[in-house]
Structures are given as structure tokens and as C-alpha cells.
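Here's the structure we're looking at; comments come further down.
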Amino acid sequence: MPDYEWIKETAEGVSLTVKVRPKSRQTRVDAVTSEFFRIAVRAAPQDGQANEACVELLAMALKVPKSAVKIAVGFQGRTKIVKVSGLTRQLVLERLSGLAFQPRQEGI
């Protein structure tokens, strides 16, 4: 099993390093690789709209309530550290498997 650098297990659950692409055509899990986890959201990065869309998407994809998903770092940036309570690293990987395409190596 690859070492997924973007996911760390914590006492409360997991910590995810997520790359967010705002103003995308659709909201979706965009890429899951061993090096990074990327999502795309339609919302613009204004007034917290993209952050809210990020939380909603992650809650839906990981099958947890929105209250279990918190952005800890990166409120104004595209790279965020998101805390998800109540999940293990293995459970996150299982729930994300099959949701994203594997990106081409160039243009990542």
C-alpha cells in the first residue's frame, strides 16, 4: 500500500492536506494519488463560499456529517488542512477509492 502523504491519523480522526480548485465546472473529488488529494468546487473563493463547498463535498464523499469536517489551516489559500473527526486513515481511503480519476503525470 502506498504511503499517502496527504493523510495523517490523529487522536480525534484524520487530518487531510487538500488542494482545492475553486470556480471549476463541477464540484467533485478531482484526484487522489499517493502524493496529493485534490478537489474541485464550483464556488468562487469569495466570502467563504469555496470553503463551505469544500466542507460539504468532503462530508458527502466521506459519509460523515458536515459538523465532523473542519478547515484547520488555509482559509484563504488553495491548500488546506482539514480535520475530519471519527474516521480512520483506512476508512478515508476506502471511501475515496473510485471517486476520482488518476491525473496525467504532466500538468498535475
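Derivation of every value follows stated rules applied to the coordinates shown; laboratory data play no part. These figures come from a predicted structure and were not determined experimentally. Note: ideal-geometry Cβ built from the backbone for every residue, glycine included; neighbour counts use all protein chains shown.
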Checklist entry - Hey, what do the phi angles of region 28-37 turn into as Karplus ³J(HN,Hα) couplings, whole Hz, using 6.51/-1.76/1.60 and θ = phi - 60°, x for Gly and Pro? => result 6, 6, 9, 7, 10, 10, 5, 8, 8, 10
Item to check | Distant-in-sequence amide H partners of F37 (H built 1.01 Å from N, under 5 Å) | outcome: K19
Next on the checklist: Starting from the 7 Å offset along Cα-to-Cβ, what nm value, one decimal, do you get for the label separation of A44 and E56?
Outcome noted: 1.6
Checklist entry - Fewest first, what order do I39, I7 take by the number of other Cβ atoms within 10 Å? => result I7, I39
Checklist entry - Can you list, bin by bin at 10 Å, the percent of alpha carbon pairs in region 1-85, starting at 0? => result 19, 55, 24, 2
Checklist entry - If you rank T10, T33 by fewest surrounding Cβ atoms within 10 Å, what's the result? => result T10, T33
Item to check | Partners for K80 among lysines (Cα-Cα distance below 17 Å; same-chain residues under 8 apart left out) | outcome: K8, K19, K23, K66, K70
Next on the checklist: Residues of region 40-66 with the amide nitrogen closer than 20 Å to a label point 7 Å from the Cα of E9, along Cα-to-Cβ, please.
Outcome noted: 62-64
Checklist outcome for this item: Residue-normalised 222 nm signal for the chain, counting each DSSP H run of n ≥ 4 as -39,500 (n - 2.57), nearest 500 deg cm²/dmol, is -6000 deg cm²/dmol
Checklist outcome for this item: Once both label points are put 7 Å beyond Cα along the C-beta direction, the R21-R89 separation in nm becomes 2.7
Checklist entry - Summing +1 for each Lys or Arg and -1 for each Asp or Glu, what net charge is found among the other residues whose Cβ lies under 14 Å from the Cβ of I71? => result +4
